[in-house]
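Below: one structure, written as structure tokens.
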Amino acid sequence: MKKLVILGAGGLARELANAVADINKRSPTFELLGYLDDEKEMVGQKRLQLPVLGTVDWLAENKSADLWTISAIGNGYLRGKFARITEQNNVPLATIIHPRAIIGSGSSIETGVFIAAGCVITVDVSVGQCALVNMNCTIGHDASIGKYVSIYPGARISGEAIIGDYALVGTQAAILNKCTIGRGAVVAMGAVVAHDVPDYTLVAGNPARAVKKVEKQ
Ligand SMILES: CC(C)(COP(=O)(O)OP(=O)(O)OC[C@H]1O[C@@H](n2cnc3c(N)ncnc32)[C@H](O)[C@@H]1OP(=O)(O)O)[C@@H](O)C(=O)NCCC(=O)NCCS
């Protein structure tokens, strides 16, 4: 069993803990120790019966050869920050794929990724480090999902689409095949994207139109 701590102690962290429990029901894989969160008032509280063990400093004080972490924070920039702290502490990033997600042949999933229940990722898709693919998303053949990307529930990403690092694809958004979503761009909930989206641009609506620029974080 790999010891695992989840970075973050909010709703997504509980969803991830639930996915870990579902993995363990099929095949005991992780001993989930609890959560870390930089909001100090959370430390000592419980989430699904497991404790918030400390702030992220806990890692430096408690790292051991068999300890793994994964971030459960909706903001991709914060997942990137925590991935760097994890790497500095030589603690490996776990990849959590819910047993009811389908990953097709030739697809590659990097470390620190969480793929939630009901996702279907078809063939020859690449998913970059610490990307979040929330429940019931579909990702078509040859799509490329960058690092620290956040894909929210029910999003539809068509074949050969490219999603740039740190981009966010909102709930139920749909992206036409071969479209490129730029680095740090935001696709609003329910948007239908038929054209490339420039870096750090928020698009919304059907057909999706640029609404404003997004701050780099
Ligand atoms: C796009 C989003 C990130 C908002 O970003 P924001 O920077 O706070 O933007 P604002 O709320 O200031 O909205 C900017 C404009 O876009 C519009 N807009 C925002 N979301 C929209 C949407 N989903 N569809 C259409 N228009 C939208 C707003 O009405 C506003 O228009 P206005 O200036 O004419 O009033 C947010 O609306 C969204 O869709 N987030 C994804 C949420 C999600 O999927 N959550 C699930 C988590 S598991």
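The values are calculated or read from the model by the stated rules, or taken from the named source; none is laboratory data. Worth saying up front: this structure is predicted, and the values here are computed from it rather than measured. Positions of Cβ are backbone-derived with ideal geometry, glycine not excepted, and every protein chain shown enters the neighbour counts.
Please enumerate the residues belonging to region 157-167 that are farther than 22 Å from SER71 by Cβ and either surrounded by fewer than 19 Cβ atoms within 10 Å (Cβ to Cβ) or touching a residue at least 24 places away in the same chain (Cβ under 8 Å) (or both). Can you show your working first?
Taking region 157-167 and keeping what is farther than 22 Å from SER71 by Cβ, we get 158-162.
Result: SER158, GLY159, GLU160.
Residue-by-condition table, conditions (1) part of a strand (DSSP E or B); (2) near the ligand (Cβ under 10 Å from one of its atoms):
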residue: CYS130; (1), (2): no, no
residue: GLY154; (1), (2): no, yes
residue: GLN172; (1), (2): no, yes
residue: ARG183; (1), (2): no, no
residue: GLY190; (1), (2): no, yes
residue: VAL203; (1), (2): yes, yes
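Residue-by-condition table, conditions (1) more than 17 Å from VAL203 (Cβ to Cβ); (2) not hydroxyl-bearing (Ser, Thr, Tyr):
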{"residue": "CYS137", "(1), (2)": "yes, yes"}
{"residue": "SER144", "(1), (2)": "yes, no"}
{"residue": "LYS147", "(1), (2)": "yes, yes"}
{"residue": "SER158", "(1), (2)": "no, no"}
{"residue": "LEU168", "(1), (2)": "no, yes"}
{"residue": "GLN172", "(1), (2)": "no, yes"}
{"residue": "LEU176", "(1), (2)": "no, yes"}
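Considering only region 95-118, state which residues are of a type in the set (A, V, I, L, M, F, W, C) and touching a Ser or Thr at 6+ places or on another chain (Cβ under 7 Å). It would help to see each step written out before you state the result.
In the first step, residues of region 95-118 are kept if they are of a type in the set (A, V, I, L, M, F, W, C); the result is 96-97, 101-103, 109, 113-117.
If the condition is that a residue be of a type in the set (A, V, I, L, M, F, W, C) and touching a Ser or Thr at 6+ places or on another chain (Cβ under 7 Å), then ILE109, VAL113 are the ones that fit.
Looking at the structure I just gave you, is VAL120 more than 16 Å from the ligand (Cβ to nearest atom), closer than 21 Å to ALA19 by Cβ and either under 18 Å from the mean Cα position of the chain (by Cα) or not small (Gly, Ala, Ser) (or both)? Explain how you work it out, then say what you get.
Values: more than 16 Å from the ligand (Cβ to nearest atom): yes; closer than 21 Å to ALA19 by Cβ: yes; either under 18 Å from the mean Cα position of the chain (by Cα) or not small (Gly, Ala, Ser) (or both): yes.
So VAL120 fits the description; yes.
Checking GLY184 against (1) without any contact (Cβ under 8 Å) to a residue 40 or more places away in the chain; (2) touching a Cys at 6+ places or on another chain (Cβ under 8 Å), which single condition isn't satisfied?
Result: GLY184 fails condition (2) only.
Could you list, in sequence order, all residues of region 132-152 that are outside any loop (DSSP other than H, G, I, E, B) and within 12 Å of the ligand (Cβ to nearest atom)?
Step one: filter region 132-152 for residues outside any loop (DSSP other than H, G, I, E, B), giving 132-133, 138-139, 144-145, 150-151.
Correct list: LEU132, VAL133, SER150, ILE151.
Determine which member of the set GLY11, GLY54 is at pLDDT 95 or above and either surrounded by 12 or more Cβ atoms within 10 Å (Cβ to Cβ) or within 19 Å of THR95 (Cβ to Cβ) (or both). So that I can check it myself, show each step before the final result.
Working: GLY11 fails: either surrounded by 12 or more Cβ atoms within 10 Å (Cβ to Cβ) or within 19 Å of THR95 (Cβ to Cβ) (or both).
Answer to the check: GLY54.
Has region 76-95 got any residue that is within 16 Å of the ligand (Cβ to nearest atom) and surrounded by 21 or more Cβ atoms within 10 Å (Cβ to Cβ)?
Looking only at region 76-95, we keep the residues that are within 16 Å of the ligand (Cβ to nearest atom), and these are 76-79.
Subset that is surrounded by 21 or more Cβ atoms within 10 Å (Cβ to Cβ): 76, 79.
Yes, because at least one residue in region 76-95 is within 16 Å of the ligand (Cβ to nearest atom) and surrounded by 21 or more Cβ atoms within 10 Å (Cβ to Cβ).
Examine region 37-44 for a residue that is over 27 Å from LYS178 (Cβ atoms) and in contact with a helix residue (DSSP H, G or I) (Cβ under 7 Å, 6 or more places away or on another chain), and state whether such a residue exists.
Looking for residues that are over 27 Å from LYS178 (Cβ atoms) and in contact with a helix residue (DSSP H, G or I) (Cβ under 7 Å, 6 or more places away or on another chain), one finds none in region 37-44, hence no.
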